[in-house]
Amino acid sequence: MATSAAALPRCAYYGGAEPPPLPANAPQTTPWPEANAILATTAVPAFPPRTCAVSDYGAVGDGATDNTAALARAVAACSSAGGGRVVVPPGTWLVGAVRLASDVELHVERGATLKFSGDPALYPPVVTRFEGIECVNRSPMIYAYGATNVAVTGDGTLDGSATAAWNRGDDRTGLLEPLVARGEPPERRNMVGRLRTSFVQTVRCARVLFKGVTLRGATFWQVHPVLCTDVTIDGVRTMVAGRNTAAANPESCRRVVIKGCTLGGGDDTIAVKSGRDEDGRRVATPCEDIVIMNCQGEGRFGFLCLGSEQTAGIRNVYAYNNRSFGRGLGWLLWVNSNTRRSASTENIHIDTFEGTGFRVAVVGVTMAYGDQVGPNPPRFGGFHFSRLDVRNAPMPLDIEALPTSPLGPLTVSDSRFSDMASARSRLRYAPAVSFDRVSINGNVAGVAP
């Protein structure tokens, strides 16, 4: 994220507060039947009771031996035998890119660290997405393409700190967008060594699980499923790192459950996306049917951000029983697009959120993100908030829609906004905003001012 019509915090934000423990006895269902149906139907992968320890394939956990080939042998052996669990035992295991296969669970045990190498030669070119545009780039640290039943689990750590030596580059406008404009297909958009790549990414996969692991030292988006169905992110911890290190980035996925996670990011906490501009229209796959529950987040921008790469649309997002921690957030919810990007974003529900330290507003919406213009005005509406207990923000709502595309219904009910610098919201072309049983700085607000 770079700019917004709202007053963005310009200082570097890399936070990093030690998070509190998540509450025990968290709810297992939500107030919405539709969200509960997503929880019930999101398939979680299952694996045969077969174990392949990486040490049996030549890996050495001394922090210095290159284990890239050994891990590849372990994954291949497990897959060819019909699937199972590839186990990384305690130790520090230096490795390059790990490519998962169908029916393989990579299990990083407590006390184990996968330390990803600073040697770029260990990350071969793969098909990926950079900020919503398909291209060829160096492999993410952990990667899968077209696989079914894949997982990264365990109480261990994935450490990408050393990849900062090679994982650089962000000139999408100068390098990648001209290739899209010339009609080059994704396989001929070679960005190797010129743009960063994600930390953990699954592309066009089904039944994906990330459970328990800790990610640290990211240099770009951290957990990034793309064009996947049935994704579960459960009990994962991500660290605040440098810029653009958003914690969880489901992109053009269907049925995504994010639960019980502690998510820190040097950008958004959870960023839902669906492609950028013409390439997003070519792929034309929305991100939809998402449940986020029992999580805590810290970051520079939104706890939940929809966009800006959301050309194919975002719908049916349900967030329940979440909170901020540490240095707080820019927004609870930030929805952002523009008339070049377009998007239809609808049916967004947030219930039971507790937080403090919002640097811009509690809820922000802009249709003028990044000062980019085109012929495709976004369409936003059907945003519903209830049981918010939020404190310390410049204002409750900061909404910037367009006269040609006013904001659709936005409701706030049974909520308390405390310590607002201004009790007045900023509403531009938002005629359908309403408050019901809402207090702002101790005063009842029936309709948003």
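The values are calculated or read from the model by the stated rules, or taken from the named source; none is laboratory data. Everything numeric here is computed off the predicted structure, so don't read it as measured data. A quick note on method: Cβ atoms are made from the backbone with ideal geometry, for glycine too, and the neighbour counts reach across all protein chains shown.
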Quick test for you: out of LEU106, LEU195, LEU114, pick the one residue that is modelled with pLDDT of 95 or more, over 26 Å from ARG85 (Cβ atoms) and either touching an Asp or Glu at 6+ places or on another chain (Cβ under 9 Å) or not polar (S, T, N, Q) (or both).
LEU195
What single numbered condition from (1) out of contact with any Ser or Thr (no Cβ under 9 Å at 6 or more places or on another chain); (2) farther than 16 Å from TRP331 by Cβ; (3) not aromatic (Phe, Trp, Tyr) fails to hold for SER418?
(1)
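Each row is one residue, and each column tells you yes or no for (1) modelled with pLDDT under 95; (2) surrounded by 12 or more Cβ atoms within 10 Å (Cβ to Cβ).
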position: THR3; (1), (2): yes, yes
position: ARG10; (1), (2): yes, no
position: PRO21; (1), (2): yes, no
position: PRO31; (1), (2): no, yes
position: THR41; (1), (2): no, no
position: VAL44; (1), (2): no, yes
position: PHE47; (1), (2): no, yes
position: VAL54; (1), (2): no, yes
position: GLY61; (1), (2): no, yes
Scanning the range 30-47 for residues that are assigned to a loop (DSSP other than H, G, I, E, B) and of a type in the set (Ser, Thr, Tyr), which turns out nearest to HIS349 (Cα to Cα)?
THR30
Got a sec? Which of SER425, SER413 is buried (at least 16 other Cβ atoms within 10 Å of the Cβ) and among the hydroxyl-bearing types (Ser, Thr, Tyr)?
SER425
Suppose we keep only residues that are touching a Gly at 6+ places or on another chain (Cβ under 8 Å) and touching a residue at least 40 places away in the same chain (Cβ under 8 Å) within the range 357-382. Which one would you say is nearest to LEU410 (Cα to Cα)?
GLY381
Could you go through the range 135-145 and let me know if any residue there is in contact with a Gly (Cβ under 9 Å, 6 or more places away or on another chain), closer than 26 Å to ARG243 by Cα, of a type in the set (A, V, I, L, M) and modelled with pLDDT of 95 or more.
yes
Give me a count of the residues in the range 102-119 that are surrounded by 20 or more Cβ atoms within 10 Å (Cβ to Cβ), outside any strand (DSSP E or B) and not acidic (Asp, Glu).
1
Those residues of the range 176-207 which are loosely packed, with under 15 Cβ neighbours inside 10 Å and assigned to a helix (DSSP H, G or I) amount to PRO178, ALA181, GLU187, ARG188
